[in-house]
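Accompanying notes for the structure given below.
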Amino acid sequence: MSFGLFFEEKNRVLRVAELNFAIKQLLESAVPLLWVRGEISNLVKAASGHFYFSLKDDQAQVRCVMFRHKNQLLGASVANGQQVEVLAVVTLYEQRGDFQLTVEQIRPAGLGVLYERFAQLKLKLESEGLFDAASKRPLPSYPKRIGIVTSLQAAALRDVLTTLRLRLPGVPVVLYPTPVQGAGSAEQIAAAIRTAGQRAECDVLIVCRGGGSIEDLWAFNEEVVARAIAASTIPVVSGVGHETDFTIADFVADERAPTPTAAAQRVVPDRQALLRTLRDLAQHLRRAQRNRLQNAIQTQDYLQRRLVHPAQQMQRQAQRLEQLRQRMRRAYAYRKQHHNWQWQSLAQRLHAASGDFARLQDRQTVLAARLANAMRTLHAQRAAQAENIAQHLALLDPRQVLARGYSMVQDASGRVVSDASGLVAGAELRITFAQGWARTEVKEAGGE
């Protein structure tokens, strides 16, 4: 049905469904399939598998739907804050009359503006050491007073107060109310944190709010809040959003809790657990006291049995002394008798050995005479051998040969010349006689 047909009848009244249908037909026919760029926000992945989200820039936003049979073809996950380009059909959701885009394809176009700001601030603060684990302060085990920085209208406040009341009823709570989203909320959150530090009336501070989109939680990603948490003199627990949400405040805080309820659970112990521990300790103390008393009674009984009257003690000592005296007498008698036996044994052995003295002296005399004869005989033999060797040496002495008229000829190097064939005319020779020597020169040399 053409949209112009509705105006042919001047007084015709349209039903809403007819109007929405006609506008849908007009949009789908007039606007072609096109690409649109923007940032994903308020993403909902329905149980049916369809994706519902908003596509926005700094001036406007539009609702989008991407049905399951289309998003199953995506190669990457889709998340809030992503800057994307979508291929979509402009249409109208007739039941609600909402203008929307039916998305066919999604392709990334870089990080969203908010996420870029988040990443830049995170890198800056991390380089300054605001995230260092060494700077984190421990939380008190039993806080005397707890501070809460959040909105009075926040559901997170009710969750935190309920959890504190259930876990440790009676612990005082100081509320530092502040807006947790919207323009100027970051400065007010930072001011509330500074106020808590100036008053110094709390042992630990919870900074919290419930879940929401990245825009809703953005106040906790502002640098002024991060600086206030880092400068706080009170340990700070951050409980912002849901378990999957992370903010700059989570990284700067002394401890991050996934939810506001978890933050309340972290700052106070469980009363029931404390009572159970107390009962266990009381039972252990009673058992220890009972055991100690029983041990003391047994020790007393033992000491009482050992306790003896002084007269009995003296009598026992006298008996002990008499026993030692008798033992000493017996030991003395035994040692004396033993020594007597040893003396008699030695005397008998000495008497038995005295008869052999004369025989041993005679044998000694004989052996001495034999030794003297053997020494004289050996000396004579060695002297004869020495005389014989001296005679042989005398026969071999060259001087004896020279004395019979012979002489010894040596060349210039000292070698004995025994063959004239090796001599040449002019060679110098040394001739040794029985008495003296002479140097001569070869005039002529020949063989036999």
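Rounded to the nearest 20 Debye, what is the dipole magnitude of the chain about its Cα centre when Lys and Arg each give +1 and Asp and Glu each give -1 at the C-beta?
In total the dipole reaches around 4880 debye.
Output the direction-averaged projected area (hull surface divided by four) of the convex hull of the alpha-carbon atoms of segment 401-441, in nm².
Taking the Cα atoms of segment 401-441, their convex hull projects to 3.0 nm² on average.
Percent of Cα-Cα pairs more than 19 Å apart in segment 112-196, please.
That tail contains 59 percent of the Cα-Cα pairs.
Loop only per DSSP, at most 16 neighbouring Cβ atoms within 10 Å: give me the trypsin sites (Lys or Arg not before Pro) in segment 358-448, ordered by residue number.
Arg404, Arg415, Lys443
Restricting to DSSP H runs of at least four residues, report the calculated mean residue ellipticity at 222 nm for the chain, -39500 (n - 2.57) per run over all residues, nearest 500 deg cm²/dmol.
That calculation yields -16000 deg cm²/dmol at 222 nm.
Principal axes first, then extents: for the Cα atoms of the chain, list largest minus smallest coordinate on each axis, whole Å, largest first.
Over the chain, Cα extents along the principal axes are 181, 124, 48 Å.
Once fully extended, how much extra length lies between Ala386 and Gln198, figured as 0.36 nm per residue of separation less the alpha-carbon to alpha-carbon distance?
55.2 nm
Hey, rough spin-label estimate for Gln312 and Trp343, points 7 angstrom out along Cα→Cβ, what's it come to in nanometres?
If labels sit at Gln312 and Trp343, their model points lie 4.9 nm apart.
Taking the Cβ of Asn80 as the centre, find all other residues whose Cβ is under 12 Å away and add up their charges (Lys, Arg: +1; Asp, Glu: -1).
-2
If you filter segment 8-90 for trypsin sites (Lys or Arg not before Pro), then keep DSSP loop positions with at most 11 other Cβ within 10 Å, what is left?
Those satisfying the criteria are Lys10, Arg12, Arg15.
Between Glu94 and Gln120, with labels modelled 7 Å along Cα→Cβ, what's the label distance in nm to one decimal, could you check?
4.7 nm
Could you count how many Lys pairs in the chain have their Cα atoms under 24 Å apart, skipping same-chain pairs fewer than 8 positions apart?
Close lysine pairs under the 24 Å cut-off: 10.
What does the charge add up to near Arg209, with Lys and Arg as +1, Asp and Glu as -1, over the other residues with Cβ less than 11 Å from its Cβ?
-3
Using only Cα atoms, figure out Rg for segment 294-381 and give it as a multiple of 2.2 N^0.38 Å.
Cα-based Rg divided by the globular estimate yields 2.93.
Can you give the FRET efficiency for Arg327 and Leu285, using 1/(1 + (r/R0)^6), R0 = 56 Å, r = Cβ-Cβ distance, to the nearest 0.05?
In this case the efficiency is close to 0.55.
Of Pro108, Gly147, Ala273, whose Cα points farthest to the positive end of the dipole of the chain (charges on the beta-carbon: +1 Lys, Arg; -1 Asp, Glu; origin at the Cα centre)?
Ala273
Coordinate-derived values only; no laboratory data. For clarity, every value in this text was computed on a predicted model and none was experimentally measured. Glycine gets a Cβ as well: all are built from the backbone with ideal geometry, and neighbour counts include every protein chain shown.
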